[in-house]
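I have placed the structure first, in the form of structure tokens, so that the comments after it can refer back to it.
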């Protein structure tokens, strides 16, 4: 696709929760990035305002994961500008304000680790080299309770199911008590019970004033929470506005979604989960 | 048993053994966590060039070994960052180069021969000098300061590097620090365990400990305990049987691994059965979606 002027982004004021701050929390302007010589982002504009919940949608390979990874500084931009909380990305150091949930990698490593140990790592953004204090331990405990994993705190992460695993990674991000949550496919491979827990957790965070940017493959049970959807296709923004409705997920441009359980009439039930 | 404590050389050897037993698994756990168990082996090979360089220049081999192995460890870390696909070949080359360089240099030095290298390759209890003990204690102190003092930070980096970077941790600095610490540990351990077997003492106690543990802190504590037990008993065994301590220590460590594995396997099986049974009992009705 040739580089062409993109349609202007609709004003974020259209969102149900108008931003109280004029400065966006995340501002990506004309971002370009390549992975292994292949252009993945080809001029992406993305802004997220305080208190907003923005979903980044798109098919596999559309660049949505690269977009969030460039926001958290893990993919270098070859062009364009990034600002976090009004600070240029390169000079941004206030990482404790951001809670990041990477696309699900396994939390298990070569050595066993308990759920609490993994979640405690999320607190390092706040205390750096200092030993943990009472407040740190309390924050970790709160994060564990928020995702309903407090009773599994002493279990090794290697023994968890996919959904529980994801809950641990989200608790790790919440342990730092961030203002901005950035999540890459938090619902991928998550069972329904865990999806419910995660949606509830997210709702509480949003009610508490958190700003959220999340990559989703489909809106699913989070739909009622989403203020705005940004749809990517081949590294370009093709939609920025209200989340696509009901049939939307499957009607999205470039969305070649194949359901392993192939039961289209079972789909609407999932979305009603939170209403 | 107590009579061996009356020999000053045994006192020194046992002290060195304790320090090695603590430091080697304390560093090794991070390498194992990052699935880089082989890194200690590579540093050991490179350190050989450092030892030979000491003989060639007439300086204490401990210092030259530290300098060269730290350089090698940093190089390995850089290869890990930038190497990508050809990384393993570059590492292999570094290993071979370290070994060959050591043998080459030792034979070039005026009063050196392969026999000098043997005590460094497999360890020796009789050659730990008073000066060695002082140096080993200082270096072991540094290793413990890093591996235990920064254990939460190193844990986070080795567990999920991308997440650690986004929390603002100085990941590159911590990785380089870990590489240098591993190199220092190799030098601490080379007198007692030897350069060829030092990696085993970094890895085997950790592997043994994690058969029985569920968390990182417990694994670290148990691995260090196993390390101290096998280095002490291996050194004592070497005193009586006159074999290189490195060999007896590593054979003992593998023995401990086998025993713990044999004991822990039925335990883990029954635990898994219980967990499976619990899941079967409370299937969520929501999953049916009728």
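The values are calculated or read from the model by the stated rules, or taken from the named source; none is laboratory data. Bear in mind that the values here come from a model prediction, so they are computed numbers and not experimental data. Cβ coordinates were reconstructed from backbone atoms using ideal geometry, including for glycine residues, and neighbour counts include every protein chain displayed.
Residue count for segment A:186-213, restricted to those that are more than 14 Å from every other protein chain (Cβ to nearest Cβ), over 12 Å from residue A:167 (Cα atoms) and outside any helix (DSSP H, G or I): 5. The set of residues in segment A:81-91 that are surrounded by 18 or more Cβ atoms within 10 Å (Cβ to Cβ) and modelled with pLDDT under 90 contains only A:89. Being more than 8 Å from every other protein chain (Cβ to nearest Cβ), within 28 Å of residue A:40 (Cα to Cα) and either free of Cβ contacts under 8 Å to residues at least 40 places away in the same chain or in contact with a strand residue (DSSP E or B) (Cβ under 6 Å, 6 or more places away or on another chain) (or both) is a property that residue A:142 lacks. Of everything listed in (1) farther than 16 Å from residue A:210 by Cα; (2) in a strand (DSSP E or B), the single unmet condition for residue A:65 is (2).
In the list B:174, B:148, B:154, B:196, which residue meets the criterion of being under 26 Å from residue B:260 (Cβ atoms) and within 11 Å of chain A (Cβ to nearest Cβ)? Of B:174, B:148, B:154, B:196, the one residue that is under 26 Å from residue B:260 (Cβ atoms) and within 11 Å of chain A (Cβ to nearest Cβ) is B:154. One residue alone among B:212, B:183 is more than 22 Å from residue B:134 (Cβ to Cβ) and either surrounded by 24 or more Cβ atoms within 10 Å (Cβ to Cβ) or within 12 Å of chain A (Cβ to nearest Cβ) (or both), and that residue is B:212. Has segment B:231-242 got at least one residue that is surrounded by fewer than 24 Cβ atoms within 10 Å (Cβ to Cβ), out of contact with any strand residue (DSSP E or B) (no Cβ under 6 Å at 6 or more places or on another chain), within 12 Å of chain A (Cβ to nearest Cβ) and part of a helix (DSSP H, G or I)? So far as segment B:231-242 goes, no, none of its residues is surrounded by fewer than 24 Cβ atoms within 10 Å (Cβ to Cβ), out of contact with any strand residue (DSSP E or B) (no Cβ under 6 Å at 6 or more places or on another chain), within 12 Å of chain A (Cβ to nearest Cβ) and part of a helix (DSSP H, G or I).
The set of residues in segment A:145-184 being without any contact (Cβ under 8 Å) to a residue 12 or more places away in the chain and away from every other protein chain (no Cβ under 14 Å) consists of A:145, A:150. Can you confirm whether residue A:89 is touching a strand residue (DSSP E or B) at 6+ places or on another chain (Cβ under 8 Å) and within 14 Å of another protein chain (Cβ to nearest Cβ)? Taking the combined requirement at face value, the residue satisfies it. Looking at this structure, is residue B:35 more than 19 Å from residue B:121 (Cβ to Cβ) and in a helix (DSSP H, G or I)? Criteria not met by residue B:35.
Number of residues in segment A:171-185 that are part of a helix (DSSP H, G or I) and out of contact with any strand residue (DSSP E or B) (no Cβ under 7 Å at 6 or more places or on another chain) equals 2.
Can you list the helices (runs of 4 or more DSSP H) found entirely within segment B:107-163 that contain at least 3 residues being modelled with pLDDT of 90 or more? So that I can check it myself, show each step before the final result.
Working: elements: B:114-122, B:130-149, B:151-159.
Qualifying helices (runs of 4 or more DSSP H): B:130-149, B:151-159.
Would you check if there is a residue in segment B:127-140 being within 30 Å of residue A:157 (Cβ to Cβ), more than 12 Å from chain A (Cβ to nearest Cβ) and touching a residue at least 60 places away in the same chain (Cβ under 8 Å)? No; the residues of segment B:127-140 include none that is within 30 Å of residue A:157 (Cβ to Cβ), more than 12 Å from chain A (Cβ to nearest Cβ) and touching a residue at least 60 places away in the same chain (Cβ under 8 Å). For residue A:109, the conditions (1) touching a residue at least 12 places away in the same chain (Cβ under 8 Å); (2) buried (at least 19 other Cβ atoms within 10 Å of the Cβ) are fulfilled apart from (1).
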